Amino acid sequence: MHKRFSNSILSAKQFNKNNLLEILDVSEKIERTLKKQKEIPLLKEYILATLFFEPSTRTRLSFEAAMHRLGGKVITSVGMQFSSLAKGETLFDTLKMVEAYADICAIRHPVEGASVLAAENISIPVINAGDGAGEHPTQALLDLYTINKHKSLIEKKLKIAFIGDIRYGRTIHSLIHLLKHFECELTFISPSEISLPEKYKNELNSHSISFLENENLNKAKGADVLYVTRIQEERFTDRKIYEKFKDAYIIDKDFVFKSCPKAIVMHPLPRLNEVSTNLDDTPNAVYFDQAKNGLYTRMALILKLLNINIE
Ligand code: CP
């Protein structure tokens with residue numbers, strides 16, 4: 001990890017392959033342990049602060065569940081309107097309070113780089129739980145764990161197709177930074193107006209990862225992994241463009257069974273129409289397991305940042 005932020009998780013860029021394999025290994029150990037017992041009480045004296053200034057279900061609840069399953073405590077501030085930010089307090093002053101009350105914090109904020117600002121100004125570990133259209137590194141780690149759990153990242157060169165809003169989909173941006181450490185072939189399927197930003201193409205090129213961009217869903221044929229994302233309504237300044245693309249791709253049982261019957265279907269959730277509910281009870285659908293894996297990976301990350309080892 002980058003030395004300056006070695007006690008924070010701000011971007012998926014900060015991980016190397018060894019860090020990733022270690023996180024996968026500890027997460028797997030935690031998943032196995034939680035099948036036998038309810039808690040791994042290693043953090044009885046610690047407090048996690050969750051600061052969520054954008055909506056969330058999975059990320060906040062899984063961080064909080066992770067801390068509880070580790071025997072720790074949680075304090076939370078949800079929605080700017082319910083914090084003193086609404087009275088004009090600066091983010092800097094808010095963060096100084098968090099530093100005073102907690103040992104570690106997870107922050108979701110609409111502004112790209114907000115978690116970097118936090119890490120620069122407070123001494124406790126900061127976890128980026130999503131910053132605008134920027135990154136969502138802990139989602140990428142749980143995505144990597146899910147891919148490895150269902151389709152080994154090591155045994156074969158996986159074909160991974162990303163479908164949907166590739167421009168604003170921060171989970172895809174973060175996952176690209178992790179996948180560049182593994183052998184894989186990537187296909188990005190989206191309307192050209194919401195295609196992969198140039199900086200991520202440069203990143204893939206600099207690591208010699210082959211990738212294809214196309215608007216046609218049929219390019220996902222034969223994929224091992226379909227990673228579908230919602231068109232991110234909240235990131236569009238022009239509503240007409242959102243309306244044009246919102247139902248651009250619908251992945252259903254018929255498509256998966258015909259085009260890639262062995263593929264796992266992932267989605268960071270929440271979903272709208274892009275993944276049909278008729279997939280939910282098929283073995284291909286792993287999106288609910290994916291969300292559950294967030295518990296194990298976030299437990300592993302909290303332990304890592306607090307320098308606590310699990311035996
Ligand atoms: N995947 C994800 O970030 O979900 P939430 O927005 O519900 O946290």
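The values are calculated or read from the model by the stated rules, or taken from the named source; none is laboratory data. Everything numeric here is computed off the predicted structure, so don't read it as measured data. Here the Cβ is made from the backbone with ideal geometry for all residues, glycine too, and neighbour counts use every protein chain on show.
Figures for the structure shown
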| item | result |
| --- | --- |
| Filtered residues of region 80-111 (kept if touching a Phe, Trp or Tyr at 6+ places or on another chain (Cβ under 7 Å), modelled with pLDDT under 95 and part of a loop (DSSP other than H, G, I, E, B)) | 110 |
| Which numbered condition residue 25 fails, given (1) touching a residue at least 12 places away in the same chain (Cβ under 8 Å); (2) more than 16 Å from the ligand (Cβ to nearest atom); (3) part of a helix (DSSP H, G or I) | (1) |
| Filter result for residue 59 (touching a helix residue (DSSP H, G or I) at 6+ places or on another chain (Cβ under 8 Å), in a helix (DSSP H, G or I), within 16 Å of the ligand (Cβ to nearest atom) and hydroxyl-bearing (Ser, Thr, Tyr)) | yes |
| Answer from 140, 119, 100 - the residue that is within 15 Å of the chain's Cα centre (by Cα), among the hydrophobic types (A, V, I, L, M, F, W, C) and either assigned by TED's automatic domain parsing to the domain that holds residue 20 or surrounded by 18 or more Cβ atoms within 10 Å (Cβ to Cβ) (or both) | 140 |
| Qualifying residue in region 175-182 (condition: within 13 Å of the ligand (Cβ to nearest atom), outside the structural domain of residue 244 (by TED's automatic domain parsing) and crowded, with 24+ Cβ neighbours inside 10 Å) | no |
| Test: residue in region 190-211 that is surrounded by 24 or more Cβ atoms within 10 Å (Cβ to Cβ) and either assigned by TED's automatic domain parsing to the domain that holds residue 59 or in a loop (DSSP other than H, G, I, E, B) (or both) | yes |
| Region 121-145 residues that are in a loop (DSSP other than H, G, I, E, B), paired with ones that are basic (Lys, Arg) (beta carbon under 6 Å, 6 or more apart) | 133/170; 133/235; 134/170; 135/170; 136/170 |
| Residue check for residue 76: within 16 Å of the ligand (Cβ to nearest atom), under 12 Å from residue 294 (Cβ atoms), surrounded by fewer than 18 Cβ atoms within 10 Å (Cβ to Cβ) and at pLDDT 95 or above | no |
| Enumeration of residues in region 270-311 that are out of contact with any strand residue (DSSP E or B) (no Cβ under 9 Å at 6 or more places or on another chain) and assigned to a loop (DSSP other than H, G, I, E, B) | 270, 272, 273, 280, 281, 307, 308, 309, 310, 311 |
| Enumeration of residues in region 5-51 that are closer than 24 Å to residue 154 by Cα, of a type in the set (A, V, I, L, M, F, W, C) and touching a helix residue (DSSP H, G or I) at 6+ places or on another chain (Cβ under 8 Å) | 12, 15, 20, 23, 24, 26, 30 |
| Search result, residues across region 265-288 that are more than 16 Å from the ligand (Cβ to nearest atom) and within 19 Å of residue 169 (Cα to Cα) | 273 |
| Residue check for residue 176: aliphatic (A, V, I, L, M) and at pLDDT 95 or above | yes |
| Single condition residue 165 does not satisfy, out of (1) under 30 Å from residue 218 (Cα atoms); (2) acidic (Asp, Glu); (3) more than 16 Å from the ligand (Cβ to nearest atom) | (3) |
| Subset of region 286-311 (residues that are among the acidic types (Asp, Glu) and at pLDDT below 95) | 311 |
